[in-house]
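Written below as structure tokens is the structure these notes are about.
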């Protein structure tokens with residue numbers, strides 16, 4: 001009886017698909033949350049910063065997020081074997097595939113450079129979506145890509161100390177590529193089965209490898225973390241892993257992978273503004289021009 005009540009409540013929470021305006025807002029919120037992720041992750045795992053074991057830390061955060069969303073797994077009744085396979089594959093590719101290499105890479109790659117490297121995701125999503133749909137992008141879409149990349153180049157002037165080793169850069173770029181592939185793979189499943197159960201499934205299968213690989217170090221990590229580190233972890237768990245993932249999946253189901261992907265150009269802009277607000281880093285007209293250019297490319301992509 002209680003299980004059925006929980007399922008009824010979750011189904012009401014899932015509700016109908018959000019409107020275009022709501023989808024745009026949810027996608028924007030998710031990117032704003034993710035924009036601060038490189039700063040938080042770098043603080044926790046960076047060599048010379050928190051120095052925590054990266055895989056164990058990601059396993060702790062995403063394992064906790066999977067537990068938080070586990071009640072939504074009750075909504076998977078009626079899923080086919082194809083749905084489960086797509087959800088599991090998407091979770092491993094997107095959640096494990098992004099966070100595993102990115103966290104290791106950020107031991108030696110600055111938060112600013114990570115934000116710039118992640119800004120390659122809209123272009124990669126465009127490529128993967130074109131391959132999946134067997135359809136070339138429109139001239140306006142290509143023009144939007146060029147404008148967005150130009151804006152990111154301008155932003156590169158003001159994202160803080162952009163240092164990184166070749167190995168670290170390759171790992172961060174690998175994570176960005178796998179996340180882009182996730183965005184294309186998971187969108188049809190969300191459209192069929194809903195954002196809430198799909199997010200729960202992808203988080204479960206995506207967190208599982210990181211929990212297993214990080215298990216030997218997780219107990220020691222839990223015992224050694226300071227209060228500030230726990231607060232940052234809580235922000236990553238609730239903000240990045242739960243709210244941002246859920247909002248992104250719900251928004252991309254309405255907008256499509258390509259249109260939602262354009263918001264990822266805002267990642268370095270958020271990092272830049274966050275650095276100015278939180279770290280007192282100065283802003284120049286070049287950075288402001290780059291931010292305006294990025295916003296213009298996002299606007300063009302949604303015409």
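Computed on the stretch 166-264, with alpha-carbon pairs under 8 angstrom and 6+ residues apart, the relative contact order is 52 percent.
When peptides 130-138, 22-30 are ranked by their average number of other Cβ atoms within 10 Å per residue, the highest-first order is 22-30, 130-138. Ranked by the mean number of other Cβ atoms within 10 Å of their residues, highest first, the peptides 81-92, 242-253 fall in the order 242-253, 81-92.
In terms of packing, defined here as the mean over residues of other Cβ atoms within 10 angstrom, the peptides 58-68, 219-229 line up highest first as 58-68, 219-229.
A short reminder: the numbers here are calculations on the coordinates, not readings from a lab. Quick caveat: nothing in here was measured; it's all calculated off a predicted structure. So basically every Cβ, Gly included, is an ideal-geometry build from the backbone, and we count neighbours across all protein chains shown.
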